[in-house]
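Quick notes on the structure that follows.
Please treat every number below as a calculation from the coordinates, not as lab data. Given the structure is predicted, the values throughout are model-derived calculations rather than measurements. Cβ sites come from the backbone with ideal geometry, for glycine too, and all protein chains shown count toward neighbours.
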Amino acid sequence: MIDKSHIGTVSEARMIDIEKGQLKFFAKATGQTDPIYFDDDAARAAGHPAIPMPPTFAFSLGLGAPPKNGNLFDIIPDLRGILHGEQSFTYHQMLYAGDTATLISTIRDIYEKRNGALEFVVQDTDVKNQHGALCIQMRTVTVVRNMQA
Amino acid sequence: MAAISKSVAVGDTLPDHVQGGISRTTLALFAGASNDYVRLHIDSDYVKEAGLPDVFAHGMLSMAYMGQLLTNWMPQDRLRYWNVRFLAITPLHATVTCRGEVTEVFEEGGEQRARLKLSVSTQDGVSTLDGEAVVAI
């Protein structure tokens, strides 16, 4: 069982660079054909200052800069049964290659269903840019299937 | 940028977006590119020890494909909110189709917005993701 005392845990602020090379790799890995996501010139021609960070990549920033406090992979005892349950993003401002993001995550809730056969962890993360502007708020609901429960 | 206002109406559909087949290479590349090293997606030995038949695709891979459905239709800076639920595992070798439809046009935050109903399904007709997005139009 996941220790419910983690509810309310707020992570330390984590900084992570949004690297152009990784965004280009992400575009390749996802079969992206729109060149603004992998070509500087195409991005600028479309009015962007640099290659835009694609809309799901904030999740990867979170994985790339895992928190010491409230890391899902630490608080979930058995990772074999994990599934991604829900994911949401609220967008306030675009992020681009070359920006530096700062992330703060909160364990919002931990609850169970079916007498503990399924456990849920709700994590909220705020993503700010290097100017301190809130750019993206995301929520991740992770499901843990407890095979033996 | 991209200040063109689209004529958008309830019932409009986005052009379907198809990706796949999702191979072990796809999953290996996506693991590295997305910083997602969960072994369930890349290590078939680990997966079999966990009692599952084989590795399966990252949910966020399908969400990334759904993002392409959206950004092929509208510039990304129009996206205001986006939520998905992961309904079923996307198996290895799947080809997935992302679909979207306008369900509401409304005013919010001083701009015209559209609400979209979104889904992803496999070639076998299994619904793997559903969701909703709000975009400025």
Report the convex hull volume per residue for segment B:47-126, counting only C-alpha atoms, in Å³.
108 Å³
Could you work out the percent of alpha carbon pairs in chain A separated by over 27 Å, rounded to a whole number?
30 percent
The alpha-carbon center of segment B:61-81 and that of segment A:8-80 are separated, in whole Å, by 15 Å
Taking a cut-off of 14 Å between Cα atoms, list the aspartates and glutamates near B:LYS117, but don't count ones fewer than 8 places away on the same chain.
B:ASP12, B:ASP16, B:GLU101, B:GLU104, B:ASP130, B:GLU132
Taking the Cα atoms of the protein assembly as shown, report the difference between the largest and smallest coordinate on each principal axis, in whole Å and largest first.
55, 44, 36
Using the eigenvalues of the Cα gyration tensor, what equivalent ellipsoid semi-axes result for segment A:1-42 when each is taken as the square root of five times the eigenvalue, whole Å, largest first?
36, 14, 7
Roughly how tilted is helix B:24-34, in degrees to the nearest 10 and between 0 and 90, from the longest Cα axis of chain B?
60 degrees
With only Lys, Arg, Asp and Glu charged, each at its Cβ (+1 for the first two, -1 for the last two), find how big the charge dipole of chain B is about the Cα centre; round to the nearest 20 debye.
120 debye
In whole percent, the Cα-Cα distances of segment B:94-137 spread across 10 Å bins from 0 upward as 29, 38, 22, 10, 0
Descending semi-axes in whole angstrom, ellipsoid equivalent of segment B:59-103, from the Cα gyration tensor:
21, 11, 10
Cβ-derived FRET efficiency at R0 30 Å, B:LEU52 paired with A:ILE104, nearest 0.05
0.35
Relative contact order of segment A:15-125 (C-alpha contacts under 8 Å, at least 6 apart) in percent is 30 percent
Could you point to the residue in B:HIS58, A:GLY62, B:LEU118 farthest towards the positive end of the protein assembly as shown's charge dipole, with +1 and -1 charges on the Cβ of Lys/Arg and Asp/Glu respectively?
B:HIS58
With everything on Cα atoms, drop me the angle between helix A:20-29 and the longest principal axis of chain A, reported from 0 to 90° to the nearest 10.
70 degrees
Percent relative contact order of chain B, based on C-alpha pairs within less than 8 angstrom and at least six residues apart?
30 percent
Viscosity 0.692 mPa s, temperature 37 °C: Stokes-Einstein D of chain B from its Kirkwood Cα radius, in µm² per second?
205 µm²/s
